[in-house]
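The values are calculated or read from the model by the stated rules, or taken from the named source; none is laboratory data. None of the values given here were measured: they were computed from a predicted structure. Heads up, the Cβs are rebuilt from the backbone with ideal geometry, glycines too, and the neighbour counts pull from every protein chain shown. Surface accessibility is based on the protein's heavy atoms, side chains included, excluding ligands, DNA and RNA. Shrake-Rupley method; radii C 1.70, N 1.55, O 1.52, S 1.80 Å.
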Amino acid sequence: MTTGVRRRMGVEERRQQLIGVALELFSRRSPDEVSIDEIASAAGISRPLVYHYFPGKLSLYEAALKRAAEDLASRFAEPHEGPLGTRLRRVMARFFDFVDEHGPGFSALMRGGPAVGSSATNALIDSVRQAAYDQMLAHMGVGDPVPARLELVVRSWISLVESTALIWLDGRRVPRAELETQLVQDFAALAAVAAAHDEELAALLRDLLKGEPGDGPFTDLAARLISLAS
């Protein structure tokens, strides 16, 4: 019979393990409800050793949020190929994968959680929103200067996606797939309203919509709106 020997971890390896353990616990319950003792137990180490790597729960919480924020921001990355509506549909699917898997942690990230008011936490939240904004402009092929109305549309839509996901988590009363498509169509609707007041934006949208397939989310929205008016 052989006896297993626990491998000694380096400082950074142990820190990353603790962050991963914390994220796993935060995915099931709010960080407010997770104790350092639970994190230590799940990691197989003592409570004092957790404090050796992180001076307090807040510092571990912020480190976990940083990793979650980077993961969430990456969900908006998408090859700039194919129809815009199809690309955004894939982006929303990956975004809601994260929301679905990390519900309490997502809520804590977007609402501030126990670190509310922390400049580090606020900066992480802003970094996710800015990454999503930059990716959206890249998908549309827009560089500086960004038309004023387009900036309003994109930033408003990102806020809508965020708030919709938070509301959806409270009961999941709308089928997820339908909500993902609806949010893609929400973007099209916001952009169309803004384009009605801005010829530069209207020209941009006309170019983007040329490649939309007949069964895409944007075309589906147009058909639904026409049916409402008939």
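What the table shows:
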quantity: For the chain, the spread of Cα positions along each principal axis, largest first, Å; calculated: 73, 38, 33
quantity: Virtual spin-label span in nm between Leu58 and Arg90, 7 Å along Cα→Cβ; calculated: 4.2 nm
quantity: With Cα atoms, 0 to 90° folded angle of helix 217-229 axis to the chain main axis; calculated: 50 degrees
quantity: Degrees separating the helix 11-26 axis from the principal Cα axis of the chain, which is the longest one; calculated: 60 degrees
quantity: Hydrodynamic radius of segment 80-180 per Kirkwood, over alpha carbon pairs, in Å; calculated: 14.8 Å
quantity: Hydrodynamic radius (Kirkwood) for segment 134-209, which is based on Cα pairs only, to one decimal in Å; calculated: 13.4 Å
quantity: Probe 1.4 Å, accessible area per residue of the chain, Å²; calculated: 53 Å²
quantity: Calculated Rg and Dmax of segment 176-219 using C-alpha coordinates, Å; calculated: 11.3, 35
quantity: Solvent accessible area, Å² - Lys66, 1.4 Å probe, full protein context; calculated: 100 Å²
quantity: Nearest 10 degrees, 0 to 90: helix 176-195 Cα axis against the chain principal axis; calculated: 50 degrees
quantity: Extended-chain gain in nm, criterion 0.36 nm per residue less alpha-carbon gap, Glu38 and Leu160; calculated: 40.5 nm
quantity: Value in Å of the Kirkwood radius, where segment 1-104 supplies the Cα pairs that are averaged; calculated: 15.7 Å
